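In what follows, a single structure is set out as structure tokens and then discussed.
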Amino acid sequence: MSDKTPLELAKRERQLIETVQRLREASVAQVRAHLADPPSYSAVRTMLGLLVDKGWLKVRRDGKRYLYRPAISRERSQRTALRRLLGTLFGGSPDDAMAALLEMSANEMTERQWDRLTQMIDKARKENQRG
């Protein structure tokens, strides 16, 4: 499962995983309560079980109910998806990807966002020079 990304899942499966990630751990009823236009209880239970089988979620029994939690962190799944995107669309080039993002959003960014990006770049540059 480590080489897969949430982008490879069906829309509803991604919604379920994102909901469980937000809640950190949740029952079927709790997941269902956080979905817009939710399917039936048994459909949600079945889909969560399939996500456990696929390795996306973990489950534990708590009395009569089952509680689901992410098998990997949201950050890890985002990094995996981003690595795949970089390789597929940008030939593995982070600077080409960053240039595309800046071209798309430069006019919409606030001064605070520009400052944050500058700080992140400066920090990464310093860490690279040390290591």
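Every number in this text was worked out from the coordinates using simple rules, so none of it is lab data. Treat the numbers as computed from the prediction; the structure is a model and nothing was measured. Cβ coordinates were reconstructed from backbone atoms using ideal geometry, including for glycine residues, and neighbour counts include every protein chain displayed.
Membrane-span-like helices in the chain (whole DSSP H runs, Cα extent of at least 27 Å along the helix axis, mean Kyte-Doolittle hydropathy of at least 1.6): none found. In this simple spin-label approximation, T110 and K58 carry label points 7 Å from Cα along the Cα→Cβ vector, and these lie 3.7 nm apart. Checking every one of the trypsin sites (Lys or Arg not before Pro) in the range 40-131 against DSSP loop status and a limit of 15 other Cβ atoms within 10 Å picks out K54, K64.
Taking the fewest neighbouring Cβ atoms within 10 Å as the starting point, the ordered list for Y68, Y41 is Y41, Y68. Within the straight-line cut-off of under 27 Å between alpha carbons, the lysines reachable from K11 are K54, K58, sequence neighbours fewer than 8 places apart in one chain being disregarded.
With R₀ set to 35 Å, the beta-carbon distance separating S40 from E75 gives a calculated FRET efficiency near 0.65. Using only C-alpha positions, report the orientation-averaged shadow area of the convex hull of the range 6-70, nm², one decimal. Directional mean of the projected Cα hull area for the range 6-70 stands at 4.0 nm². Cα extents for the chain along the principal axes, largest to smallest and rounded to whole angstrom: 54, 32, 26. Taking 7 Å steps out from each Cα toward its Cβ at T88 and E8 produces label points 1.0 nm apart. Neighbour counting of Cβ atoms within 10 Å sorts the residues W56, W114, fewest neighbours leading, into W114, W56.
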